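> Right, I'll just put the structure down here and ask away after.
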Amino acid sequence: MRAWDKLSLRARLGLLYTVLLVFSVVLVGCYSYWNIWQLFISNKSSQLRARAKPIIEHWLIDNDLANSDNPHLKLNPQKAFILARDLTSRDTVAIVLNQKGDIIANGKRLPEEPEAPTPDKHYLRRALAGENEVTYRSQVNGKPVLVLLIPLRPQPASPRIFGVIQMSTLLTDIREILFHHGAMLVSLVAIILILGIGTGFWLIGASLKDLQVLLVSCDQISKGNLSQRVSVKNHRDEISRLAVSFNRMIEKLEATFASQQRFVANAAHELMTPLTGLRGSLEVLLRGAQDDPSAMARLSKGMYREVNRLIRLCEQLLGLSQLESSSNVNKQPIVLSEFFNEFKADAQVLAGGRSLTIQQGPCVKVSADPDLLKQILLNLLSNALRYSPSETPVVIGWKLVVGEVEIWVSDQGQGMDAETLSHAFEPFYQGKNTVVSGDKGIGLGLSLAKSMVEAQGGMIRIESEPGKGTTVSFTLPLK
Ligand SMILES: Nc1ncnc2c1ncn2[C@@H]1O[C@H](COP(=O)(O)OP(=O)(O)OP(=O)(O)O)[C@@H](O)[C@H]1O
Ligand SMILES: [Mg+2]
């Protein structure tokens, strides 16, 4: 089994195919040889029986035995000899045996006539018991002979048997024919095997060639060359389909790696901005600005703002990484009206003095993580507040859609242009909108909201028109 495992797929398939081919061709060859042998034998035995039948019938009539009903009739050796003699020819010899199985007449007279084999007791007993078609093979002086036993009866249907005729004929001619046939069969089998095995190996090699190409591509990809693709021929076999799926998978992987690289680069850039600001402020302080109270206050304020920005960035990055694992989503039944009653206080703190409306929807229970739901709403609300004038209202509400609940946050602010709309969910993407209230963002709010919604089995979408306002809605499964 171990040696088998060590073989390549090509060698395994080739070996299996060769064994099967040899086995089936040899089996068919042997069967055909045996079949022809049987055909010759049965043909020869039918011929002998057909030749013997009229001779025996005439002999019975000539000797008044055809109608004899004497149960103690004994065969006369002279009469039996005539019968044996009539049945003997150049290639066939007949002997006559009595009811006890003793030879009473042998038809061989001339030296060129074949010798009769010694009767086989087992077969003789069967013929004396009344079996008509006893045929077997034997040997005389090392030569193969076919032996036929014919019970002697007054009438063909009579149960009375007063002797047995043994006819034997040499099989040397049949053997010779079969030897030539066998030699031809062996050469044919050898040709079939050579051609079959050659074609089989060629076919296996050709079929596995694409797999080899796939293997080389996998090797190159494992070395980091993600732009590598497998060239697919226009076949519809499994290997071509595997190559198509493989290319698709590599395309996705390449896109994922590229977006990860972009993400890390953006994150580093976003971290650099407040850190550079902090270093600048610290350098000024070190150069002696601590003696100037007004400069000191200004720098501290700036540093405080940068540190806050750093903390917010870290919190959002942490939030994104936590969402990678589904075990961080703690879903539970939430009665929306109760949730929003509590949420209103937090939302009002964020909104400051601005007008914020919570439009009560139907009394439903959703299956969601309350912390994540709160974070999503705070993110969307902070966007609405940030990008809409303070005198315009911001509305939060929910409604039932098929099997789900849709929650929305809408404002009547600047809205988004087509480009912002198409990239809004990308991490670190920030549109050209001017910040109306609060600090400039990082560009993670919407992508974080999207990840949080999807982690709970929902979907998020934006409807926005420049100058008119924006509505961000997301769905959550009903409990
Ligand atoms: N309600 C809105 N109205 C108009 N534009 C919006 C609105 N919400 C988001 N945008 C646009 O989409 C961009 C991406 O929003 P996102 O919330 O991801 O980032 P951000 O608000 O800039 O920063 P962060 O949320 O990380 O503090 C924003 O920069 C803004 O241009
Ligand atoms: Mg935001």
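> Of the residues that sit in segment 453-462 and are part of a helix (DSSP H, G or I) and touching a residue at least 12 places away in the same chain (Cβ under 8 Å), which one is farthest from ligand 2 (Cβ to nearest atom)?
Step by step, filter segment 453-462, then rank; the result is ALA455.
> How many of the residues in segment 386-396 are away from ligand 2 (no atom under 14 Å from the Cβ) and touching a residue at least 40 places away in the same chain (Cβ under 8 Å)?
Within segment 386-396, the first condition is being away from ligand 2 (no atom under 14 Å from the Cβ), and the residues that meet it are 389-393, 395-396.
Subsequent filtering for residues that are touching a residue at least 40 places away in the same chain (Cβ under 8 Å) retains 389-390, 392, 396.
Selection size over segment 386-396: 4.
> Counting only residues that are buried (at least 16 other Cβ atoms within 10 Å of the Cβ) and farther than 14 Å from LEU381 by Cα, which one in segment 453-479 is nearest to ligand 1 (Cβ to nearest atom)?
SER464
> Examine segment 221-228 for a residue that is without any contact (Cβ under 8 Å) to a residue 40 or more places away in the chain, of a type in the set (A, V, I, L, M, F, W, C), in a loop (DSSP other than H, G, I, E, B) and not assigned by TED's automatic domain parsing to the domain that holds TYR31, and state whether such a residue exists.
Yes: one or more hits.
> I want to confirm something. Restricting to segment 440-452 and keeping residues that are assigned to a loop (DSSP other than H, G, I, E, B) and surrounded by 16 or more Cβ atoms within 10 Å (Cβ to Cβ), which single residue is nearest to ligand 2 (Cβ to nearest atom)?
My answer is GLY441.
> Could you list all residues from segment 409-439 that are assigned to a loop (DSSP other than H, G, I, E, B), more than 10 Å from ligand 2 (Cβ to nearest atom) and either at positive phi or without any contact (Cβ under 8 Å) to a residue 12 or more places away in the chain (or both)?
The answer is GLY415, PHE428.
> What is the residue count in segment 147-164 for residues that are outside any loop (DSSP other than H, G, I, E, B) and out of contact with any Lys or Arg (no Cβ under 8 Å at 6 or more places or on another chain)?
4
> Still on this structure, please answer the following. Give segment 362-389 a look and list any residue that's hydroxyl-bearing (Ser, Thr, Tyr) and near ligand 1 (Cβ under 9 Å from one of its atoms), or say none.
Correct list: SER382, TYR387, SER388.
Listed here are the residues, each with its yes/no results for (1) closer than 17 Å to PHE162 by Cβ; (2) not in a loop (DSSP other than H, G, I, E, B).
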{"residue": "HIS72", "(1), (2)": "yes, no"}
{"residue": "LEU83", "(1), (2)": "yes, yes"}
{"residue": "ASP86", "(1), (2)": "no, yes"}
{"residue": "GLU112", "(1), (2)": "no, no"}
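> Please pick out the residue among GLU342, GLU270, GLU315 that is under 29 Å from SER390 (Cβ atoms), in contact with a Phe, Trp or Tyr (Cβ under 8 Å, 6 or more places away or on another chain) and among the charged types (D, E, K, R).
Selected residue: GLU270, the only one of GLU342, GLU270, GLU315 that is under 29 Å from SER390 (Cβ atoms), in contact with a Phe, Trp or Tyr (Cβ under 8 Å, 6 or more places away or on another chain) and among the charged types (D, E, K, R).
> Restricting attention to segment 165-184, does a residue exist that is surrounded by 18 or more Cβ atoms within 10 Å (Cβ to Cβ), in a helix (DSSP H, G or I) and among the charged types (D, E, K, R)?
no
> Sort out which residues of segment 258-286 are among the hydroxyl-bearing types (Ser, Thr, Tyr) and either more than 27 Å from VAL307 (Cβ to Cβ) or assigned to a loop (DSSP other than H, G, I, E, B) (or both), and write them in order of number.
Passing the criteria: only SER259.
> Does segment 325-339 contain any residue that is farther than 17 Å from GLN456 by Cα, hydrophobic (A, V, I, L, M, F, W, C) and either surrounded by fewer than 17 Cβ atoms within 10 Å (Cβ to Cβ) or within 16 Å of ligand 1 (Cβ to nearest atom) (or both)? Let's see the steps before the verdict.
Of the residues in segment 325-339, the ones farther than 17 Å from GLN456 by Cα are 337-338.
With the extra rule that they be hydrophobic (A, V, I, L, M, F, W, C), the set shrinks to none.
Within segment 325-339, not a single residue is farther than 17 Å from GLN456 by Cα, hydrophobic (A, V, I, L, M, F, W, C) and either surrounded by fewer than 17 Cβ atoms within 10 Å (Cβ to Cβ) or within 16 Å of ligand 1 (Cβ to nearest atom) (or both).
> Can you pull out the strands (runs of 3 or more DSSP E) entirely within segment 287-378 that have at least 2 residues that are of a type in the set (Gly, Ala, Ser)?
365-368
> Condition test on ARG49, is it surrounded by 13 or more Cβ atoms within 10 Å (Cβ to Cβ) and at pLDDT below 90?
no
> Does segment 248-257 contain any residue that is outside any helix (DSSP H, G or I), surrounded by fewer than 16 Cβ atoms within 10 Å (Cβ to Cβ) and more than 24 Å from the chain's Cα centre (by Cα)? Walk me through how you get there before you give the answer.
Going through segment 248-257, the residues outside any helix (DSSP H, G or I) turn out to be none.
No - not one qualifying residue is present in segment 248-257.
> A follow-up question, please. Restricting the search to segment 38-88, which residues are of a type in the set (D, E, K, R) and more than 13 Å from ARG153 (Cα to Cα)?
Answer for segment 38-88, where residues must be of a type in the set (D, E, K, R) and more than 13 Å from ARG153 (Cα to Cα): LYS44, ARG49, ARG51, ASP62, LYS79, ARG85, ASP86.
> Let me ask something else. Considering each of PRO293, PRO274 in turn, give the residue that is in contact with an Asp or Glu (Cβ under 6 Å, 6 or more places away or on another chain) and outside the structural domain of ALA368 (by TED's automatic domain parsing).
Details: PRO293 fails: in contact with an Asp or Glu (Cβ under 6 Å, 6 or more places away or on another chain).
Just a single option satisfies the conditions, and that option is PRO274.
> Additional query: Out of all the residues in segment 397-439, which are crowded, with 16+ Cβ neighbours inside 10 Å and charged (D, E, K, R)?
Scanning segment 397-439 gives GLU404, GLU406, ASP411, GLU426.
The values are calculated or read from the model by the stated rules, or taken from the named source; none is laboratory data. This one's a predicted model, so the numbers in the text were calculated from it and none came from an experiment. Glycine also receives a Cβ, built like all others from the backbone with ideal geometry; neighbour counts cover every protein chain displayed.
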